[in-house]
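Have a look at the structure below, then the notes.
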Amino acid sequence: MFPQLKSYLKEKIEYEIQIASENGSTFEVIWYIFFSRFIKLGIRDFKSLIGNKKIRENNFYCSMLLSKQQIFKDSGIKLFTRPKEFTGKKLASLVSVFD
């Protein structure tokens, strides 16, 4: 990825995470975290971008930060995959529900 593009995307995603947090949108925050990790933007301090206490306490959000499933742990259902397990895969194929 071009350094200027990466820098622009990083800045934009950090801004969007803050806005999503202010709006109380856990889903948006989680999606932006996943996307930024997937394309390796190098954002490390997500906690400083999230001001919303309810989002910070959300187990799905915590799963994203820890890269470890924090919900339905004992169910046998795998709801979470570590970002590094996506290496070499296209995002469109991972989120496709029609495969």
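Key figures
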| quantity | calculated |
| --- | --- |
| Residues that are surrounded by 13 or more Cβ atoms within 10 Å (Cβ to Cβ) and not in a helix (DSSP H, G or I), drawn from the range 45-71 | Phe46, Ile50, Asn52, Asn58, Ser67, Gln69, Gln70, Ile71 |
| Qualifying positions in the range 39-54 - over 20 Å from Lys12 (Cα atoms) and not charged (D, E, K, R) | none |
| Selection count, the range 21-36, where residues are out of contact with any Lys or Arg (no Cβ under 9 Å at 6 or more places or on another chain) and surrounded by 19 or more Cβ atoms within 10 Å (Cβ to Cβ) | 4 |
| All positions within the range 21-44 that are more than 12 Å from the chain's Cα centre (by Cα) and assigned to a helix (DSSP H, G or I) | Ser21, Glu22 |
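FYI, it's all coordinate maths here, none of it is from the lab. None of the values given here were measured: they were computed from a predicted structure. Ideal geometry is used to build each Cβ from the backbone, glycine not excepted, and the neighbour counts take in all protein chains shown.
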